[in-house]
Amino acid sequence: MPACGEQKARFGPAEKLLPYVECDARGVSPDPARCARAAVRRFPTWLIAGARYEGLMTLDELARASRFSPPPAAPAR
């Protein structure tokens, strides 16, 4: 599986919520010009809060980079 596909798979169904841009001109709905303007050299590339992260990342790494804080767990019934 290509790296971007593997990265998206780590999100499961939430993958559809990612701000994904296809850089490969042969891909679905590609935007290689946007990728060139952003100087994307490795896949996947994440641009988060002004920082660049290249290559596969774990969900924990992405959460730290984006300062994601999960909602509190619902109380047990």
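Side notes on the structure shown:
- Cross-chain or 6+ apart pairs with Cβ under 7 Å, segment 11-24 first and under 19 Å from Arg42 (Cβ atoms), then in a loop (DSSP other than H, G, I, E, B) and small (Gly, Ala, Ser): Glu22/Ser29
- Of all positions in segment 44-54, none carries a residue that is over 17 Å from Phe68 (Cα atoms) and hydrophobic (A, V, I, L, M, F, W, C).
- Complete set of residues in segment 27-65 that are open to solvent by 60 Å² or more (accessible area, probe 1.4 Å) and part of a helix (DSSP H, G or I): Arg34, Ala36, Arg37, Leu59, Asp60, Glu61, Arg64
- Scanning segment 15-26 for residues that are within 28 Å of Phe68 (Cα to Cα) and open to solvent by 60 Å² or more (accessible area, probe 1.4 Å) yields Glu15, Lys16, Leu17, Pro19, Tyr20.
- For Ala3: the one exception among (1) open to solvent by less than 40 Å² (accessible area, probe 1.4 Å); (2) modelled with pLDDT of 95 or more: (2)
- Among residues of segment 33-55 that are without any contact (Cβ under 8 Å) to a residue 12 or more places away in the chain, none has a beta-carbon under 6 Å from a residue that is in a strand (DSSP E or B) and exposed (fewer than 11 other Cβ atoms within 10 Å of the Cβ) at least six positions away or on a different chain.
- If the condition is being among the hydrophobic types (A, V, I, L, M, F, W, C), in contact with a strand residue (DSSP E or B) (Cβ under 7 Å, 6 or more places away or on another chain) and farther than 21 Å from Leu62 by Cβ, then segment 13-39 contributes only Val28.
The values are calculated or read from the model by the stated rules, or taken from the named source; none is laboratory data. Keep in mind that what you see is a predicted model, and the values were worked out from it rather than measured. With ideal geometry, Cβ positions are generated from the backbone for all residues, glycine too; neighbour counts draw on all protein chains shown. The area values use the complete protein model at the heavy-atom level, side chains included, leaving out ligands, DNA and RNA. Shrake-Rupley method; radii C 1.70, N 1.55, O 1.52, S 1.80 Å.
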